[in-house]
Each structure stands twice: as structure tokens, then as C-alpha cells.
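The values are calculated or read from the model by the stated rules, or taken from the named source; none is laboratory data. For clarity, every value in this text was computed on a predicted model and none was experimentally measured. Reconstructed Cβ throughout: ideal geometry from the backbone, glycine too, with neighbour counts over all protein chains shown.
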Amino acid sequence: MNPTRKRRMIIVLLVLAAAVVAVGLTVFALQQNMNYLFTPSQVRAGQAEAYKTFRLGGMVKGGSIERSGDSLKVGFTVVDADGALPVEYTGILPDLFRDNQSVIATGHMAGDHFVATEVLAKHDETYMPKELKDAMEKAHHGKAVAANEAPQ
Amino acid sequence: MSKWIPLWLHKLGSPPIFYRFAGTLRPWFLALALIAGAIGLYGGLVLAPADYQQGDAYRIIFIHVPSAWMGLFIYGVMAVASFIALVWRIKLAEAVAMESAPIGAAFTFITLVTGSLWGKPMWGTWWTWDARLTSELVLLFLYLGVIGLYHAFEDRRQGARAAAFLAIIGIINVPIVHFSVNWWNTLHQGSTVRILGPSKISMDMLWPLLTMMVATKLYYVASLFGRVRADLLELEGGKDWVRRIATGEQATGEQA
């Protein structure tokens, strides 16, 4: 390799290395703030106290969904491995919302419970045919998408 | 250096030889891409069973996921070609890098649009600023930046060198896009198809997906060859071999 090319290669690699270090440090510094959501146990531990509005993420506890008969108001409990938080929400829920579904709720704490202004359903990375899923668990969860009916 | 690069590769780097080589191969790549695409789409949209929780709406992954892979793959090709272009000043590498950018931008755009269309019914929102979506948007802006910078210069080769720098620096974003779902809590789900370990998708859904991946790769090669050929003709405008093609003295058996 002739000297000119070697010099160019070194310059390019140095610029790239500098950019990698800069971005790496930025990402590392932002690590604390880049979390999209807090889990119920993190909220219970007071990690979300600095935020007026934040996102709460976890699973909808099976059987915890309570719909009010005359409005769009809905109450449910979001759980993670070792925490639970009751959530209140008024509005239209996404198709995937149901028992044992991962959800992300945006809102704020009001006393002991969380008041959501938006509820998003987090999809998981598993894809399988309905028949297979039905065969795997013959019980009730296998229905395609039945979010508009109140799950049992 | 010439010791470890075989002679045919050296020859292939020369514009007139690459022009003919790409012209011969391009129809084959295009035909195979169309066949694979037809098989993949038929398999994905007709043969594959409905998903257990999303029903038929999941079928957008047969477009969304291959496009997302191509967005990252093409960026990698562009960055490597940019590196070669900067260090060795090879015209062909410049052409490959600069002509890859619009194709990659198109795939990234398709990824963002299909993801958004799927996100509204499934997640409940068109867009959210989580790490995966944001870094994918940054990828699109990087592509647009490379295209814009390239065209901002009067002298094409100077523009290509400036844009190549941007392309190389932007490669940092590629691992961020890929690993964002592991590094941070995101709304976007994790990787379904894994090279290491079992994929989280059933076989009758996986094969159309992989067929679509092959189809998009072949399409990229065909599209790139066509674009690079046109670019080389323009870049080498005054040279003998271009003049011969233009005046039709040499039968290449192919139109540009």
C-alpha cells in the first residue's frame, strides 16, 4: 500500500473512531433517560418520581379488567415480575389489548393508582398459526383478536 | 497489495468491463428477484396461516421485515464502498456507494410506512419515539443526507468523497438500530428471526419471509447494476469506450 493511501486510510479510521467514541459516550450518558417506560416495581421503588408524566409498561393482570357499563372507562392492573399497579383509563383500547397482554400506558400517578391518557399494546416477537396456538392451550386465550368484547 | 487481490477483481474495477459484466447479469438478477418475490408474496399472503393473535394483519411483515433488513444491509454495502472510494479513489466504488443510497432510502421509507400502518391498529398509535423507531428514522435521514451532500457539489467526484465520509460515520447507527430493542425498553418487539438460536416464528410463516429476503437482495443487485451502469456512462462521458457505445460501433447486446 503506497504512503498516500495509507495516510488516507488512517485519517478515515481516526475520524470513524472519534465518531464511535462520541456516539458511544452520548448513548452511555443518555442510558438513564432513554428508557421508554417504567415497570410497576420501578414505580413502586420511586424511580419515576422525578417525572410528572411517564410511561408505565407491564402485563395486564389476568381477570383484572373492569369495564364500566355506561362509558369508555376501564380499570385494570399492570404487573411485572414483582410489582403491581392499578390503572384507570377512559378511551378506545387497541386491538391487542386483553388479559396477559403487554401494554404501555402514558399518564401520571394520582395517589395510589395510575391515570392513563393513552394505552398502547406491545406486541411480542412470537408468530404462530392460530390452530397451533389453540392446540397448545385449549383454553380461552387463543381467540384471534377479540378486544372489543370484554375478556372473561 | 496486488498480490492478494486476484487479477479478475482488478479488471472488474475498470468501468468498461464492469459495464459489460453488469449488463449481462442484470436481467438474470431481475428475473430471479421477480420469481422469488412472486413465490414469497404468494406464500406469505395466501399460503401462510393467520397469526394466533393478530389474525391477517401480521402479513405486513412479509414486506416490512425484508425492507428493514435491506435498509441496514444496503447501508453496510454503502459504507464499505465509501471506505474503498475514500482510500483507493476507485470510481466504481464511488458509483456503488452513491447509487446504493437512493435504493436504501426507499427500503427504509417502506419500512417506516408499513410499520406505521401496522402500528395504528396493533399498538394503537402511528408513531412513537421509542429507540427502534427513532433510530430507523435517523437511518432514513442519513441516507437523505448522503444523497443531498453528494448532489450539493459542482464536481461529482468531490461530492462523492464528502458524502462517503458521512456514509462511513453514519455506520455507527446500524448496530444501534439492530440492538435498540435489546438495549432499551421499546414499544417495538424484539427480533423474531434469529441467526443464533431458534426463531420465534412457525416454519410455514418463516419460509415466505426468507424467500422475500432473497427477493429483495436480488432486486437490490439488479437495481444497483442498472444505476451504476448509467452512472459510469455519465462519469466517463468523454472516454473512448463510452463514445463507442454511444455511436453504436460496439455491439454490447444490451441497451443502457
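Condition check ((1) within 14 Å of another protein chain (Cβ to nearest Cβ); (2) free of Cβ contacts under 8 Å to residues at least 60 places away in the same chain; (3) hydroxyl-bearing (Ser, Thr, Tyr)) across all residues:
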site	(1), (2), (3)
B:52	yes, yes, yes
B:65	yes, no, no
B:73	no, no, no
B:88	yes, yes, no
B:106	no, yes, no
B:121	yes, no, no
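Of all residues in segment A:111-130, which are touching an Asp or Glu at 6+ places or on another chain (Cβ under 8 Å) and either within 15 Å of residue B:53 (Cα to Cα) or modelled with pLDDT under 85 (or both)?
Residues satisfying the conditions are A:121, A:127, A:128, A:129, A:130.
Among the residues of segment A:57-74, count how many are within 14 Å of chain B (Cβ to nearest Cβ) and surrounded by 12 or more Cβ atoms within 10 Å (Cβ to Cβ).
Of the residues in segment A:57-74, 5 are within 14 Å of chain B (Cβ to nearest Cβ) and surrounded by 12 or more Cβ atoms within 10 Å (Cβ to Cβ).
Within segment A:103-129, track down each residue that is in contact (Cβ under 8 Å) with a residue 60 or more places away in the chain and under 26 Å from residue B:208 (Cα atoms).
A:122
Within segment A:84-92, does at least one residue satisfy the condition of being within 14 Å of chain B (Cβ to nearest Cβ) and at positive phi?
Yes - at least one qualifying residue is present in segment A:84-92.
Restricting to segment B:178-197, what's the tally of residues that are in a loop (DSSP other than H, G, I, E, B) and either under 21 Å from residue A:31 (Cβ atoms) or within 11 Å of chain A (Cβ to nearest Cβ) (or both)?
11
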